[in-house]
1. Among 146, 128, 42, which is the only one that is within 14 Å of residue 17 (Cα to Cα), among the charged types (D, E, K, R) and open to solvent by 10 Å² or more (accessible area, probe 1.4 Å)?
2. Only one of these is hydrophobic (A, V, I, L, M, F, W, C) and out of contact with any strand residue (DSSP E or B) (no Cβ under 8 Å at 6 or more places or on another chain): 22, 61. Name it.
3. Can you report the number of residues in segment 9-22 which are open to solvent by 20 Å² or more (accessible area, probe 1.4 Å) and either modelled with pLDDT under 95 or within 16 Å of ligand 1 (Cβ to nearest atom) (or both)?
4. From 118, 105, which residue is away from ligand 1 (no atom under 12 Å from the Cβ) and assigned to a loop (DSSP other than H, G, I, E, B)?
5. Only residues that are among the aliphatic types (A, V, I, L, M) and either within 15 Å of ligand 1 (Cβ to nearest atom) or open to solvent by 40 Å² or more (accessible area, probe 1.4 Å) (or both): list them for segment 45-84, please.
6. State all residues of segment 157-211 that are of a type outside the set (Val, Ile, Thr), within 26 Å of residue 72 (Cβ to Cβ) and open to solvent by 20 Å² or more (accessible area, probe 1.4 Å); if no residue qualifies, say none.
7. When segment 97-119 is examined, which residues are found to be buried (at least 23 other Cβ atoms within 10 Å of the Cβ) and farther than 18 Å from residue 264 by Cβ?
8. Which helices (runs of 4 or more DSSP H) does segment 178-277 wholly contain that include 2 or more residues that are charged (D, E, K, R)?
Amino acid sequence: DLKLDGNRVTELKDIFISIKTASQNHVSRLQLLINTWVQQAKNQTYIFTDQRDEALENVMAGHIVNTNCSRDHNRRSLVCKMGHEFDMYIVSELRWWCHVDDDTYLNVKELVRLLAGYRHTEDWYLGKPSLDHPIEVINHVNPGPKLAFWFATGGAGFCVSRALALKMVPYAGGGRLTKAGDQIRLPDDCTIGYIINSLLHKELTVIDKFHSHLEALWRISPADIITQISLSYLMTKERTNIVNVPGFPVEKDPTRLWSIHCLIHPLSSECLRHVDR
Ligand code: UDP
Ligand code: MN
């Protein structure tokens, strides 16, 4: 169902952005995204969660999907959620599907610029692997030779073109992503890589401007922040991994996402409200 307007340059309205979250993260993580970058892509962004939240539904009317997947962090629940993201993207008929986690800052302008450089009518899987080699697994359902494939880390965000997504439907659509996940017994992002790289034999194109908290975020030069596409953070008792960026004091902006956002969008209403830098 690729539209005949294939030569028009890709714009924001052509992109379906899905955020995977969990009910326990609505306040602690998701609200920060809604207050910052989601404001730049409100019509294009859909949030996939596991429990009703009226407050959230009021803020993001029509853009919250309650997947009914289990609330836990086990592999099958995560794959279940990603399956819902995929299905809704297919129904959207848009040119690109981009997935992010709920601890990801998305630089919407740069994302659009990136995707405008690729044809949605060709097969594209854009993202950043966290391994420097293909992952090796055995197929638990159909025993055979070891599988080795590349996958884009979900925490860095990844994008799939419409042409490729349509080829994924037999393996990922209508709940079948769970079956694919059971074959390799790995999480959702690996399952997407398995389908694309192993089953469909399409390559992952590495985008260096995508960043998960699995890489050393503090090593990105502050001068390069505004041109990156995705950035993340990690804050646990044991370890913090945050971007080195000027802006709000760390006490006020521990994740650094507000500082990133207001560096990129200094004149946005949400940043003008925070003049007490
Ligand atoms: N997540 C989820 N259900 C859970 C735990 C996490 O859907 O029970 C989602 C979470 O909202 C996030 C992603 O999975 O978008 C990754 O979770 P997290 O950042 O906590 O862990 P990581 O895998 O990055 O260490
Ligand atoms: Mn994370």
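The values are calculated or read from the model by the stated rules, or taken from the named source; none is laboratory data. Keep in mind it's a predicted model, so treat the numbers as computed, not measured. Glycine also receives a Cβ, built like all others from the backbone with ideal geometry; neighbour counts cover every protein chain displayed. SASA here: full protein model, heavy atoms, side chains in, ligands and nucleic acids out. Shrake-Rupley method; radii C 1.70, N 1.55, O 1.52, S 1.80 Å.
1. Values: 146 fails: within 14 Å of residue 17 (Cα to Cα); 128 fails: within 14 Å of residue 17 (Cα to Cα).
So the residue among 146, 128, 42 that is within 14 Å of residue 17 (Cα to Cα), among the charged types (D, E, K, R) and open to solvent by 10 Å² or more (accessible area, probe 1.4 Å) is 42.
2. On the way: 22 fails: out of contact with any strand residue (DSSP E or B) (no Cβ under 8 Å at 6 or more places or on another chain).
On inspection, the qualifying residue turns out to be 61.
3. Filtering segment 9-22 for residues open to solvent by 20 Å² or more (accessible area, probe 1.4 Å) gives 9, 11-13, 20.
Subsequent filtering for residues that are either modelled with pLDDT under 95 or within 16 Å of ligand 1 (Cβ to nearest atom) (or both) retains 20.
The number of residues fulfilling the criteria is 1.
4. Working: 105 fails: assigned to a loop (DSSP other than H, G, I, E, B).
Answer to the check: 118.
5. Within segment 45-84, 47, 55, 56, 59, 61, 64, 65, 78, 79, 82 qualify.
6. Just the residues of segment 157-211 that are of a type outside the set (Val, Ile, Thr), to begin with: 157-159, 161-168, 170-177, 179-183, 185-190, 193-194, 197-204, 208-211.
Next, from what is left, pick out any that are within 26 Å of residue 72 (Cβ to Cβ): 157-158, 168, 171-177, 179-183, 185-190, 193-194.
Residues satisfying the conditions are 171, 174, 175, 176, 179, 182, 183, 185, 186, 187, 189.
7. Once the filter is applied, which keeps residues that are buried (at least 23 other Cβ atoms within 10 Å of the Cβ) and farther than 18 Å from residue 264 by Cβ, segment 97-119 yields 97, 99.
8. Details: elements: 188-193, 257-264, 269-272.
Hits in segment 178-277: 188-193.
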